[in-house]
Amino acid sequence: MVKGGLLKDDADWSKLGVKEGQKLMMMGTADEVIKTPEKGTVFVEDLPEEEQVVAVVYTQFFLSFDFFIFPLGWICVMDYWFSQGHTAGLFNLGNTCYMNSTLQCLHSVPELKSALIKYSNSGRNNDVDQPSHMLTIATRDIFNELDKSVKPVAPMQFWMLLRKKYPQFGQLHNGVFMQQDAEECWTQLLYTLSQSLRSPGSSENPDAVKALFGIELISRIHCQESNEESSETESVYSLKCHISQEVNHLHEGLKHGLKSELEKASPVLGRSATYLKESRINALPRYLTVQFVRFFWKRESNQKAKILRKVDYPLELDVYDFCSDDLRKKLEAPRQILRNEEGKKLGLKVNEKSSVQKENDVKMADVEGSSNGGGEPSVVPMEEGEKETQMTGIYDLVAVLTHKGRSADSGHYVGWVKQENGKWIEFDDDNPKPKVEEDITRLSGGGDWHMAYIIMYKARVVSV
C-alpha cells in the first residue's frame, strides 16, 4: 500500500511521487525463508578424477544434440547409451597411451573376450611360459573390469606383467617410462594370446586367435635374372599399407604392401639375386587388421620419423581384388547371397531360383575347400549355438588406433571404437568421448592431428 491505496501491477510509478525514505507497506503471505544448502557447489575441476571422467562424458554426449532434453530425460538417455556398450577409460600410468589404445581396440572384439573368459588361472602347461600365462590372465581381468565399470580403470597389473614379458616396454629415460610403439604392443599381445589360447590347457579352440585375426597369404617368388620361381604360404596378423607419393587411398597402399623385393642366394646363379615377391590373400579372418606404415628410420637424426601424408580409408572395405583365384571362386556365392539380402532391404526384386542355386554353390565350395587342402576362407568360427556363416570379402570398420605427433618415440595414441549400438567413442586414456562417423573419416592424416596408424575391420558374413 502507498498513501492509503493499493498499488496495482500496472501502476505508473513516475506519477506516484514516491520520495526517498518513504515507507511502503507490503501485503501478502511470506514464503519459507530459503535455507543455505547443506552441501556447497562443487565445480567439475574439484571432483575426484574418476568422477570428472563421467561428468565429461555426460557433457560431451549432450553437446552432440541440437535439442534440449529435460533432466529426467537425460538420465533415461544416458542409461540407454551406457547399456549399449562400455564407456570406461583407462588411466595413463606414465606414457602408457600406446597400451591403453591397444587394449580398448582389442576389447571391442567379443569373440576374443569369450575365449579369454574360458581361460582358467590354472590353464597353463609346459607349452606356455609363466609370464605369458600371467599376461593372458591380466588381459582377461582388465577386459572384465572395463565391461563392469563406467569409471576409469587403472591397468597397473596388466602393465607390470606386460613389462615382465616384454622388457622393452619398461625402458626409462631420466627416470621416466618412455613412449612406446602401439603397433609393437598390439603385435606382441596378440602373439602371447595366440600361444596361450591354443594350448591344451585352454578350453577354447586351438586356433582361436588365428581364426579371429590370422590372414593366410600365398606368395609367388620370382627371379627375373635366373627365371626361378617358387611359392610359399604364411600366416600374418595384419596387412601393411605402404605409403608413398603415389598412395592416396588404402586400396593403393595395400597393393604396394602385397608386393616386395628381397635379396637371397640363387642356386642357379651361384650368388645373391633380387627376387620379386607378390602375395595374395588365401584365407580371410573374422577381423582384418591393417597397419599404416608411417614410421621409418631417419639416419640424419638417428630416430624414427613419421610420414604425415593423408591416406583415406573407407568405412566399408572390399578385399576381393587382393584374394587368390581359389579364394575368389569360394567368395562368389556368399557375395551373391549378400547382394540379394541387401537388395531385399532396398525393396528390389531378387531371383529366388538364382539365390537358392547360389546357396547350393556355397555348400559345394565348402566341400571342395575341405578336399583340396586349400585355405578355408568361407566358414567363420561362431559361438556355441550360433549359425554357421560364410565370408563375403567385405568388411566394416570397427576400430581405429591413431597417433598424434611427428615421432614414434613421442606424441600421443588414442583408440576410436565402434560400439554395439553403432555409435563411436574416442578413448583418450581416462577421458572417453562420443563421436560420429564423420569424425572417424577425418583421421586419415595430412597434418599434426590424430591420424590412423592401425585400423580394424569386422567381416560382413552371410548365414548358411
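For region 299-310, what are the residues that are under 30 Å from residue 457 (Cβ atoms) and surrounded by fewer than 20 Cβ atoms within 10 Å (Cβ to Cβ)?
304, 305, 307, 308, 309, 310
Determine which member of the set 235, 279 is under 30 Å from residue 391 (Cβ atoms), among the hydroxyl-bearing types (Ser, Thr, Tyr) and in contact with a Lys or Arg (Cβ under 7 Å, 6 or more places away or on another chain).
The match here is 235.
Please determine, by comparing only the residues of region 252-273 that are in contact (Cβ under 8 Å) with a residue 24 or more places away in the chain and in contact with a Leu (Cβ under 8 Å, 6 or more places away or on another chain), which one is nearest to residue 316 (Cα to Cα).
254
Could you check how many residues of region 285-298 are more than 17 Å from residue 215 (Cα to Cα) and open to solvent by less than 50 Å² (accessible area, probe 1.4 Å)?
Qualifying residue count, region 285-298: 3.
Does region 256-275 hold any residues that are over 23 Å from residue 321 (Cβ atoms), part of a strand (DSSP E or B) and not β-branched (Val, Ile, Thr), and which are they?
262, 263, 264, 265, 266, 271, 272, 273, 275
Between a first residue in region 304-333 that is within 18 Å of residue 220 (Cα to Cα) and a second residue that is open to solvent by 20 Å² or more (accessible area, probe 1.4 Å) and of a type in the set (Phe, Trp, Tyr), which pairs have beta carbons less than 8 Å apart while being 6 or more apart in sequence or on different chains?
328/320
Looking at residue 208 and the list (1) in the same structural domain as residue 412 (by the TED database); (2) in contact with a Leu (Cβ under 7 Å, 6 or more places away or on another chain), which single condition is not satisfied?
Condition not satisfied by residue 208: (1).
Hey, can you tell me all the residues within region 251-270 that are among the aliphatic types (A, V, I, L, M) and within 20 Å of residue 288 (Cβ to Cβ)?
Matches in region 251-270: 254, 258.
Tell me, please, whether a residue that is modelled with pLDDT of 95 or more and not in a loop (DSSP other than H, G, I, E, B) can be found in region 195-212.
yes
State yes or no: is residue 151 outside any helix (DSSP H, G or I) and either open to solvent by 50 Å² or more (accessible area, probe 1.4 Å) or among the aromatic types (Phe, Trp, Tyr) (or both)?
Considered against the rule, which asks whether it is outside any helix (DSSP H, G or I) and either open to solvent by 50 Å² or more (accessible area, probe 1.4 Å) or among the aromatic types (Phe, Trp, Tyr) (or both), residue 151 comes out as yes.
Among the candidates 343, 373, 393, 385, which residue alone is modelled with pLDDT of 55 or more and surrounded by fewer than 17 Cβ atoms within 10 Å (Cβ to Cβ)?
343
Which of the residues spanning region 278-311 are farther than 19 Å from residue 238 by Cβ and assigned to a loop (DSSP other than H, G, I, E, B)?
299, 300, 301, 302, 308, 309, 310 - these are the residues of region 278-311 that are farther than 19 Å from residue 238 by Cβ and assigned to a loop (DSSP other than H, G, I, E, B).
Within region 231-284, count every residue that is of a type in the set (Lys, Arg), closer than 23 Å to residue 191 by Cα and loosely packed, with under 15 Cβ neighbours inside 10 Å.
0
Can you work out which of the residues in region 166-193 that are crowded, with 20+ Cβ neighbours inside 10 Å and of a type outside the set (A, V, I, L, M) is farthest from residue 117 (Cα to Cα)?
Among them, the one singled out is 179.
Which residue, of 156, 134, is among the aliphatic types (A, V, I, L, M) and exposed (fewer than 15 other Cβ atoms within 10 Å of the Cβ)?
Matching residue, one of 156, 134: 156.
Among what's in region 410-426 and is modelled with pLDDT under 95 and among the small types (Gly, Ala, Ser), pick the residue that is farthest from residue 452 (Cα to Cα).
422
The values are calculated or read from the model by the stated rules, or taken from the named source; none is laboratory data. Since the structure is predicted, the reported quantities are computational estimates derived from the model, not experimental observations. Quick reminder, even Gly has a Cβ in these numbers, built from the backbone with ideal geometry, and neighbours come from all protein chains shown. Remember, those area values only see protein heavy atoms, side chains included, never the ligands or the DNA or RNA. Shrake-Rupley method; radii C 1.70, N 1.55, O 1.52, S 1.80 Å.
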